[in-house]
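Rule-based calculations on the coordinates, nothing more; no lab input. Nothing here was measured: the structure is a model prediction, and the numbers come from that model. Heads up, the Cβs are rebuilt from the backbone with ideal geometry, glycines too, and the neighbour counts pull from every protein chain shown.
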Amino acid sequence: MTDTAGPTDTPTDPGAGTDAAGVLRPPAEQAFADELAALERLDDRPRPPKWRLSPWAVTTYLLGGTLSDGTVVTPKYVGARRLVEVAVASLATDRALLLLGVPGTAKTWVGEHLAAAVSGSSRLVVQGTAGTAEESIRYGWNYARLLADGPSRDALVPSPVMRAMQAGRLVRVEELTRIPADVQDALITILSEKTLPVPELDTEVQAVQGFNVIATANNRDKGVNDLSSALKRRFTTVVLPLPATLSEEADIVRRRVASLGAALRLPADLEHLAEVERVVTVFRELRSGVTADQRTSLKSPSATLSTAEAISVMTNGLALAAHFGDGRVGADDVAAGLVSAVVKDPVQDRIVWQEYLETVVKDRREWSDLYRACRDLDPA
Ligand SMILES: Nc1ncnc2c1ncn2[C@@H]1O[C@H](COP(=O)(O)OP(=O)(O)O)[C@@H](O)[C@H]1O
Ligand SMILES: [Mg+2]
């Protein structure tokens, strides 16, 4: 990479997360442009209309692998191959994809990478909230134009969904179940008829081949705005689980922390991320309400304690170690992040945490440094 590299150049470290222009978080198609280009070049399997890669290559992009020319594709998602295959296969049909799971199970992450690999762009996205209006799914108007010239194609402001339909691309709808039910209904016609009527112009927009929807929903939001059965039928639901084992979860955390650390230029000793195991152990024990040896049952705090939060505890620890320590992440560097991840509710969660600290952490001889570091923060 040269000094004159423009914003479309890819970072030297794939997935490092910054580019020449110093963009904090380039979209997946930019951060992993080299991998995507190599896959595109070597991919000789059939591609569905408008797809940048074959379903096989999309799956390889997500799960990682080594290509015939030696290019190493880094794993983006760590988990069951079948889940990814089902997701990709669904996108190749006329059924939309719904990624469901508790917070921090990589729903957004997987959706972004799927869109990047299939359509070459992950940027068509609707962020679902209680305030999401129909314009975000259908279209809106440029009111200055509308008042001056009346309704016309030029006055119409297409939504990301409409643009995806016209371009034959994937559009992501984040947190679908937070969107009010009547607004969700706008998706039904789009998914079943593949058209979007524009009665004001007496016309309609027809979806081009390659169009499809990737939605995400948090299954803790169940009951907020449950999907109607009409809408549910248009989706293939893929549930993203929490990592099955400690070593799998620690592996995910280690990979992400290494890549985030590189992006933030943290000059830390990434080889020595031993704290990862402890942080993940604490998270898994509190989440499941029982110690790893299944002997002691525990109260669970209100916080989710997802893999994503373990990643952020470790990244903060890395910053502390890099800037104020010797670069090796130790108990002192993770203690504060750990406590703030667990204690979200100052009363209930604090009780849960104190109990865990005094009954579990204290008793583990090789955890005495962690016990001390946590006690020092919060002398009870
Ligand atoms: N199984 C997994 N494989 C790879 N990364 C994961 C996995 N689970 C969680 N992560 C990481 O955790 C973070 C999860 O974030 P996100 O996709 O925002 O979760 P969600 O949308 O499900 O709440 C991402 O940085 C992702 O890399
Ligand atoms: Mg998300």
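What is the range 80-239's relative contact order, in percent, from Cα pairs under 8 angstrom and six or more apart in sequence? Please list the in-between numbers first.
Working: 285 pairs, mean separation 55.7, N = 160.
Once divided by the residue count of the range 80-239, the mean separation gives 35 percent.
Can you sort I351, I311 so the residue with the fewest Cβ neighbours within 10 Å comes first?
On the way: I351 13, I311 22.
Listing I351, I311 from fewest to most nearby Cβ atoms yields I351, I311.
For the range 27-78 and the range 195-234, write down the distance between their C-alpha centroids in whole Å.
For the range 27-78 versus the range 195-234, the Cα centre distance is 28 Å.
Go through 241-252, 161-172 and give me the packing order, highest mean Cβ count within 10 Å leading. Please list the in-between numbers first.
On the way: 241-252: 16.3, 161-172: 22.6.
Packing proxy ranking, top to bottom: 161-172, 241-252.
Among R364, R81, R234, which one shows the highest mean-square fluctuation when the chain is modelled as a Gaussian network with alpha-carbon springs under 10 Å?
The residue with the greatest mean-square fluctuation here is R364.
On each of the three principal axes of the Cα atoms of the chain, give max minus min coordinate, whole Å, ordered largest first.
Computed over the chain, the largest-to-smallest principal extents equal 73, 49, 42 Å.
Per residue of the chain, what 222 nm ellipticity follows from adding -39500 (n - 2.57) for every DSSP H run with n ≥ 4, rounded to the nearest 500?
Details: 15 runs with 160 residues, N = 380.
Only helices count here, giving -12500 deg cm²/dmol.
Step through the residues of the range 139-146 one at a time and calculate ³J(HN,Hα) from phi using the Karplus curve (6.51 cos²θ - 1.76 cosθ + 1.60, θ = phi - 60°), rounding each to whole Hz and writing x for Gly and Pro.
Each residue of the range 139-146 in turn: 7, x, 10, 7, 5, 4, 5, 4 Hz.
If you place +1 on the Cβ of every Lys and Arg and -1 on the Cβ of every Asp and Glu, how big does the dipole about the Cα centre of the range 80-239 come out, in debye to the nearest 20?
Values: 18 positive and 17 negative charges, 148 e Å.
Taking the Cα centre of the range 80-239 as origin, the dipole is about 720 debye.
Can you grab the distance from the C-alpha centre of the range 106-161 to the C-alpha centre of the range 239-263, Å, no decimals?
Spelled out, the Cα-based centre of one part sits 32 Å from the other.
If each residue of separation counts as 0.36 nm, what is the full-extension length gain between T93 and A37 once their alpha-carbon separation is subtracted? It would help to have the intermediate numbers written out before the result.
Values: separation 56, 0.36 × 56 = 20.16 nm, distance 2.42 nm.
Separation in residues times 0.36 nm, less the Cα-Cα distance, equals 17.7 nm.
Specify the inter-centroid distance of the range 282-334 and the range 354-372, based on alpha-carbon positions, in whole Å.
13 Å
Considering only the other residues whose Cβ falls under 12 Å of the Cβ of A336, what net charge follows from Lys and Arg at +1 and Asp and Glu at -1?
-4
How do E35, E204, E29 rank when sorted from fewest to most other Cβ atoms within 10 Å of their own Cβ? It would help to have the intermediate numbers written out before the result.
On the way: E35 23, E204 12, E29 20.
The fewest-first ordering by Cβ neighbours comes to E204, E29, E35.
Under the definition of Cα pairs under 8 Å and six or more residues apart, what whole-number percent is the relative contact order of the chain? List each step's numbers first, then the result.
Values: 638 pairs, mean separation 51.6, N = 380.
Dividing the mean separation by the residue count of the chain yields 14 percent.
Please list the non-local residues whose amide H lies under 5 Å from the amide H of W141, H modeled 1.01 Å from N, same-chain partners needing a gap of 5 or more.
Long-range HN contacts for W141: V157.
Using the Cα centre as the reference, give the magnitude of the dipole from point charges on the C-beta atoms of the range 162-311 (Lys, Arg: +1; Asp, Glu: -1; all else neutral), rounded to the nearest 20 debye.
On the way: 19 positive and 20 negative charges, 44 e Å.
In total the dipole reaches around 220 debye.
Tell me the GluC sites (Glu not before Pro) within the range 59-167 that lie in a loop according to DSSP and have at most 15 other beta-carbon atoms within 10 Å. Please list the in-between numbers first.
Values: sites: E85, E112, E134, E135; in loops: none.
Sites meeting the loop and neighbour criteria: none at all.
Rank the residues K107, K299, K362 as a footprinting-exposure proxy: fewest other Cβ atoms within 10 Å of their Cβ go first. Don't jump to the answer; show the numbers that get you there.
Values: K107 25, K299 13, K362 16.
Placing the least packed residue first, the sequence is K299, K362, K107.
When Rg is the radius of gyration of the Cα atoms in the range 80-239 and Rh is its Kirkwood radius, what does Rg/Rh come to?
Details: Rg = 15.7 Å, Rh = 16.0 Å.
With Rh from the inverse mean 1/r over Cα pairs, Rg/Rh is 0.98.
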